[in-house]
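For reference, the structure is listed below as C-alpha cells.
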Amino acid sequence: MKKIGILFGQENTFPQAFIDRINQKAPEGIMAEFVKIDQVEQHVAPDYAVIVDRISQDVPFYRAYLKNAALMGTAVINNPFWWSADEKFFNNALAVRLGVPVPKTLLLPSKERPTDTSERSFRNLSMMEWEAAFQHIGFPAYMKPHSGGGWKSVYKLNSPDDFFRAYAETGQLVMLFQESIDFTDYFRCYCIGGTEVLIMPYEPRNEPHLRYATEMKTTGEAGEKLLATMKEYVLKLNEGLGYDFNTVEFAVRDGIPIAIDFGNPAPDADINSVGEQNFEWVVEAAANMAIARAQAQKPGQDNLTWGTFVHPHRAAGHDTHFTVAKPAAAKKPAAKAAPKAAPKAAAAPKKAATAKAPTAKKPKADKAG
Ligand SMILES: Nc1ncnc2c1ncn2[C@@H]1O[C@H](COP(=O)(O)OP(=O)(O)O)[C@@H](O)[C@H]1O
Ligand SMILES: [Mg+2]
C-alpha cells in the first residue's frame, strides 16, 4: 500500500476534498489520509510515499520533518529544500534569465541591523544612494519583504516621503523596492505538476472574498494571445523553480503579462475564496498529480522535483584532502581588543592550502527529474 498524506494548517476545505478525491479515484494500492506525526527520529522513514505540504512555511518543525522524509524517499510536494532557499529577489532574477518580464526591482538592506550585529558587520556595504534608486524605480512603487506572503508588510508608495515612512516601519525585514505595474488585467494562475495550468482573472483591489469574482478585460485575438503567453510563462517559471504546486500572478500592462508573485507553494485553495469552479479544478489536478507521484515513487530514493537552475553536481573537481589539526597552544585569554590573527592551529592547513586548485570543469547541462 502506498500512502499519500496531506500536511496542513488552519485551512478547512481543501485538505478533506483532496483526500476524498484520491480515495474515490486512486487505483488499488494507493490511499490518502491526513499526515500523522508523532516521534520524529533522524533517518527513520515516515509511512508516506507522497506528502503534500501546505503549512511548513509557518512551522519550522514540519519543515525539518519533511526534509528527513525526503531523504528517506517520500515525494514531498513542494520540495522542502528549495522552499527553504526560495525568496522573491532570486525568483525575480531567475525570471529575467528565463525571459519572463518582471517589474524593475532593487534589494534594500534592512532598515535595522540584524540582532547581534554592529556597524562593524557592515563594512562591505556602501551607503544607499536613495536619489538614484528613486530615479531608477520611479513612483508609484511597491515595497515588500523579499521573503514574505499573505500581503504582509506590502506598501504602495507615491513619493520619497511615503518611502521613508514605510521603510522606517520595516525593522529587520529585507525589502524589495519595485516598480508599480499599472495594470488593465490581473491574473492568478495555478500550476500543478509542472504541466497543468489554470488561469484565473483576479481583482486584487476587491475585498478578499470577491477577488476571484471578476472577468478578463482583454478580448478577441489579443485575449487569446495573452492567455497563450501567460501559460508559456507559468510553465517556464515553474520549471526553473522546480515547484509542483504553485500560483503565479501577472499584472498586464500594454498587453504584456508581467510576473508579480510566483513563489506561492501553498497557494490559497479555499472554496470560499477561489470559488466552486476553481476549487473543483485544483482538487482534481492536485489529486491526479499526487496519484501519479505515488505510482512513480521509488522508496529510499530522491523523489523530489528540482528546478532546472539547481544542478545536482559539484561545481569543481573531486580531489579530497584531510588534515588533523594540532591542538591550539594554550594562551592566556587576551584581555585586549580583537585578536590580530587567528590562532595557528585554526589557520588553513598547509597541504590543502598549497594543493592545486581544482580546475573548474564545464558544468553539464543535466536536468533533474
Ligand atoms: N509591482 C507591483 N505592481 C502592481 N501591483 C503589485 C506589485 N507588487 C505587489 N502588488 C500588489 O500587491 C499584492 C501583494 O503583493 P505580492 O507580491 O503578491 O505579495 P504576497 O506574497 O504577500 O502576496 C499583489 O497581489 C498585487 O495586487
Ligand atoms: Mg501575492
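Total residues in the range 238-268 satisfying the condition of being within 14 Å of Ala95 (Cβ to Cβ), of a type outside the set (Gly, Ala, Ser), in contact with a helix residue (DSSP H, G or I) (Cβ under 9 Å, 6 or more places away or on another chain) and away from ligand 2 (no atom under 14 Å from the Cβ): the figure is 5.
When we screen Tyr243, Tyr233 for residues that are under 24 Å from Glu280 (Cβ atoms), modelled with pLDDT of 95 or more and either of a type outside the set (Gly, Ala, Ser) or more than 19 Å from the chain's Cα centre (by Cα) (or both), the only hit is Tyr243. Among the conditions (1) of a type in the set (Gly, Ala, Ser); (2) closer than 28 Å to Ala85 by Cβ; (3) assigned to a loop (DSSP other than H, G, I, E, B), the only one that Ala213 does not satisfy is (2). When Met143, Met200 are screened for being under 23 Å from Ala285 (Cβ atoms), in a strand (DSSP E or B) and within 15 Å of ligand 2 (Cβ to nearest atom), only Met200 passes. Within the range 255-281, the residues that satisfy the criterion of being part of a loop (DSSP other than H, G, I, E, B) and within 14 Å of ligand 1 (Cβ to nearest atom) are Phe262, Gly263, Asn264, Pro265, Ala266, Pro267, Asp268. Selection of the range 116-140 for residues being of a type outside the set (S, T, N, Q), at pLDDT 95 or above and not in a helix (DSSP H, G or I) yields Asp116, Arg123, Leu125, Glu129, Gly138, Phe139, Pro140. In this structure, Thr229 qualifies as more than 16 Å from ligand 2 (Cβ to nearest atom) and either outside any strand (DSSP E or B) or within 22 Å of Arg54 (Cβ to Cβ) (or both).
Kindly provide the set of residues from the range 191-213 that are away from ligand 1 (no atom under 15 Å from the Cβ) and either modelled with pLDDT of 95 or more or among the hydroxyl-bearing types (Ser, Thr, Tyr) (or both), ordered by number. If the condition is that a residue be away from ligand 1 (no atom under 15 Å from the Cβ) and either modelled with pLDDT of 95 or more or among the hydroxyl-bearing types (Ser, Thr, Tyr) (or both), then Cys191, Ile192, Gly193, Gly194, Thr195, Glu196, Val197, Leu198, Ile199 are the ones that fit. Applying the criterion of being more than 30 Å from Ser56 (Cβ to Cβ) and in contact (Cβ under 8 Å) with a residue 40 or more places away in the chain to the residues of the range 110-138, the residue that is surrounded by the most Cβ atoms within 10 Å (Cβ to Cβ) is Ile137. Residues in the range 85-109 that are among the basic types (Lys, Arg) and surrounded by 12 or more Cβ atoms within 10 Å (Cβ to Cβ): Lys88, Lys104.
Taken over the range 216-226, the criterion of being in a helix (DSSP H, G or I) and over 16 Å from Arg253 (Cβ atoms) is satisfied by Gly220, Glu221, Glu224.
Reported count of residues in the range 148-163, each being away from ligand 2 (no atom under 13 Å from the Cβ) and either in a loop (DSSP other than H, G, I, E, B) or at pLDDT below 95 (or both), is 2.
Among the residues of the range 157-190, those that are within 30 Å of Phe279 (Cβ to Cβ) and in contact with a helix residue (DSSP H, G or I) (Cβ under 8 Å, 6 or more places away or on another chain) comprise Asp185, Phe187, Cys189, Tyr190.
The values are calculated or read from the model by the stated rules, or taken from the named source; none is laboratory data. Every value quoted in this text rests on a predicted model; they were computed, and no experiment measured them. In this analysis, Cβ positions are derived from the backbone assuming ideal geometry, glycine residues included, and neighbour counts consider all displayed protein chains.
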